[in-house]
Structures are given as C-alpha cells and as structure tokens.
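The values are calculated or read from the model by the stated rules, or taken from the named source; none is laboratory data. Computed from a predicted structure; not experimentally measured. Glycine gets a Cβ as well: all are built from the backbone with ideal geometry, and neighbour counts include every protein chain shown.
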Amino acid sequence: MPDISISNITPDKISLPLFKEKNVEVTVLRLDKIHPVISGNKWFKLRYYLEEASERNKKTIITFGGAWSNHIVATAAACQIKGLSSIGIIRGEKMEKLSPTLTQAKQLGMQLVFINREDYKEKKIPSAFNKDEYYFVDEGGYGSKGAAGAATILDYCRKEYYSHICCAAGTGTMTAGLINNSLPFQEVTSVSVLKNNFELEKNINHLLKDREKPFRVIHDYHFGGYAKCKPELIEFMNEFYMETTIPSDFVYTGKLFYAVTNLIKNNFFPVRSRLLLIHSGGLQGNASLNTGTLIF
Ligand SMILES: *Cc1c(COP(=O)(O)O)cnc(C)c1O
C-alpha cells in the first residue's frame, strides 16, 4: 500500500465553451490523485481522528458504513498505513458475495462485522466490540474532527483566488469544513447526492464555527438517490472526461460536475465568478459498474 501523496494535488483549470460563454472560470482541485484507495476527502476527514487515536494510545479503529462505503475502505487503508487495526461495522446481513468495496476493505486487513439494519440505526454494536481499547469514528467520518480535517483541503490551493467553492455532500462533513475555512467573501455550494436528505443543512450547521455564514445546498441532482445512477449521468461523465481528461465517480463527483455545469448553464453563478470544484475522489467506487460503462 503506497503512502498518501499530498503533493500530487493539483488545481486543474478547465476550459469548456460553456464556461467561456458564461464568463466563469472553473478549477478542479484534484484530491483524487493523493492515493488510489484513500483518495480525496476521506483522508482529510480521517486525519485528526487517527491522530487522536494514537494520542490516546488506541490501536484499533472501529467505524460504520454500508456495503458501498468509500469511508469504510478508506479507513481500512489508512489504518494499514498507520499500523493500526480496523473493524468495520457493516449495515445489513452478510451477502453471498462481498461488494468490491468490502472485498478491498477485507484485503486491507479490516475485520468486517455485519449487523442488521435496526441495530445499525441505533448503533447497537455487539458487546464484544464495546470496549475502551477501541477508538470509534462515526459513519462517514461525520463530526467536528472530520470537519476540521476537511477544512485543511483549502490549504492545498490558493484559496483567496476563488469566489465560489463547490463540493459534493453525503454526511456534509466536508462541506462544513470548507465553510469553516472559507473567506468571508466566498460562498460554498454543496450538492447533495442523497434524495430528499433535508437533514443535511442541519447536520452541516451543527459542525459550523460561525452559524451565520451563508452556504447553499442543492438537492436537485441526486439522480434517484444515493449510489443511484442514470444513463444521462454516465453519458455526462464520459463526455466530461473526453473534454477535460478528469475522471469522476457516479456516486459523488459525477453528480457534482453535472450539477455545476447545469447551474452555470442556468446563470446560477454571477459573471466573472471563479469556481473551485473539489474533486473529492471516490473513483474506486466505479468498480461496481459493468466494465465498458465508462471510457476511463
Ligand atoms: C464520502 C465522499 C463525499 C462526501 O463527503 P461528506 O463529508 O460525507 O459529505 C464526497 N465525495 C466523495 C468522493 C466521497 O467519497
């Protein structure tokens, strides 16, 4: 397992005819390039949790997720790199065949524990795992340490150059971190990848240092819901790749790039806006698509 390569991050300016026509500048911050597995925002969200675990001398990290969770596989990989053990509490009964995500997490040394959906909802974990020696990280890395880690994403670009920061949101942890580390004149726009997750604004707010800071959550680009996908989205991702050579994933960044392109089309951003789009990684999630679906 290679180490994390923060120095691989680049701000890639992309020029499409639409952006020129609308007089907006678009730059993609390539967090997807830091690592093949812990790509993107997951490393940033995990960094302070792992730091605290080692300060407290905990050798095992326990976290939660579903069968397709980027957070689960990222935690497994990060723990392997840091020499920690990891346990994943997985929502639902064990499947005949593990998902590519869980297969990879297991290969990275994570112990997988399956619990039924009701227990999962209440975070009722088997008593054997309820011990002091474990360090617990919430589902998706949600929490103030996760947000504090995500806030540091903006330290890897010239943040003052941009007028708008756009990202995809699951739990909203990264969004909150970006808002916390944005400048007063900047606006964060967050694209929810879940359907009708109207708790999101509240969950983001909960992690904000300055509750007065305005931000926008867009709920119109979920394409049917979490990890749901439509041919239109795949077509867009392939086209976007051909035009920019930037790959995206169908769960998060594909929806983000689609949404931002559409918002630009609809004059959502004022002319001369300088947009920073966070490429939060997640590319390994495309492994669950049939081969040949994507051209990259
Ligand atoms: C997990 C993930 C997100 C969502 O981050 P949250 O902090 O949960 O909102 C966005 N993009 C990618 C690629 C992810 O894996």
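Here's the yes/no breakdown for (1) aromatic (Phe, Trp, Tyr); (2) more than 16 Å from the ligand (Cβ to nearest atom):
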| position | (1), (2) |
| --- | --- |
| Asp3 | no, yes |
| Ser15 | no, yes |
| Lys42 | no, no |
| Tyr48 | yes, no |
| Arg56 | no, yes |
| Ala76 | no, no |
Where Arg272 falls short, out of the listed (1) under 17 Å from Leu18 (Cβ atoms); (2) within 18 Å of the chain's Cα centre (by Cα): (2)
Extreme residue, farthest from the chain's Cα centre (by Cα), among residues of the range 155-180 that are over 13 Å from Ser280 (Cβ atoms) and within 14 Å of the ligand (Cβ to nearest atom): Asn180
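To keep it simple, each residue is scored yes or no on (1) touching a residue at least 12 places away in the same chain (Cβ under 8 Å); (2) of a type in the set (A, V, I, L, M); (3) surrounded by 15 or more Cβ atoms within 10 Å (Cβ to Cβ).
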position: Gln186; (1), (2), (3): yes, no, yes
position: Leu200; (1), (2), (3): yes, yes, yes
position: Leu207; (1), (2), (3): yes, yes, yes
position: Arg211; (1), (2), (3): no, no, no
position: Val217; (1), (2), (3): yes, yes, yes
position: Tyr221; (1), (2), (3): yes, no, yes
position: Gly224; (1), (2), (3): yes, no, no
The listed residue being more than 25 Å from Ala67 (Cβ to Cβ) and surrounded by 15 or more Cβ atoms within 10 Å (Cβ to Cβ), out of Tyr156, Tyr161, Tyr134: Tyr156
Cβ-Cβ under 8 Å pairs, at least 6 apart or on other chains, the range 70-94 side under 20 Å from Tyr252 (Cα atoms), far side of a type in the set (Asp, Glu): His71/Glu139
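Condition test on Arg30, is it touching a residue at least 12 places away in the same chain (Cβ under 8 Å), more than 23 Å from Val113 (Cα to Cα), assigned by TED's automatic domain parsing to the domain that holds Tyr135 and not polar (S, T, N, Q)? Please lay out each step first, then the result.
Numbers: touching a residue at least 12 places away in the same chain (Cβ under 8 Å): yes; more than 23 Å from Val113 (Cα to Cα): yes; assigned by TED's automatic domain parsing to the domain that holds Tyr135: no; not polar (S, T, N, Q): yes.
No; evaluated as a whole, the condition is false for this residue.
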Strands (runs of 3 or more DSSP E) completely within the range 10-89 that count 1 or more residues being touching a helix residue (DSSP H, G or I) at 6+ places or on another chain (Cβ under 9 Å) and surrounded by 22 or more Cβ atoms within 10 Å (Cβ to Cβ): 25-30, 60-65
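Farther than 30 Å from Ile264 by Cβ, surrounded by fewer than 17 Cβ atoms within 10 Å (Cβ to Cβ) and not aromatic (Phe, Trp, Tyr): is that true of Ser99 in this structure?
Values: farther than 30 Å from Ile264 by Cβ: yes; surrounded by fewer than 17 Cβ atoms within 10 Å (Cβ to Cβ): no; not aromatic (Phe, Trp, Tyr): yes.
No.
Please specify each residue of the range 271-284 satisfying the condition of being aliphatic (A, V, I, L, M) and within 13 Å of the ligand (Cβ to nearest atom).
At the first step, the residues of the range 271-284 found to be aliphatic (A, V, I, L, M) are 271, 275-278, 283.
Across the range 271-284, the qualifying residues are Leu277, Ile278, Leu283.
Which is within 16 Å of the ligand (Cβ to nearest atom) and aromatic (Phe, Trp, Tyr), of Phe268, Phe257?
On the way: Phe268 fails: within 16 Å of the ligand (Cβ to nearest atom).
Testing whether each residue is within 16 Å of the ligand (Cβ to nearest atom) and aromatic (Phe, Trp, Tyr) leaves just Phe257.
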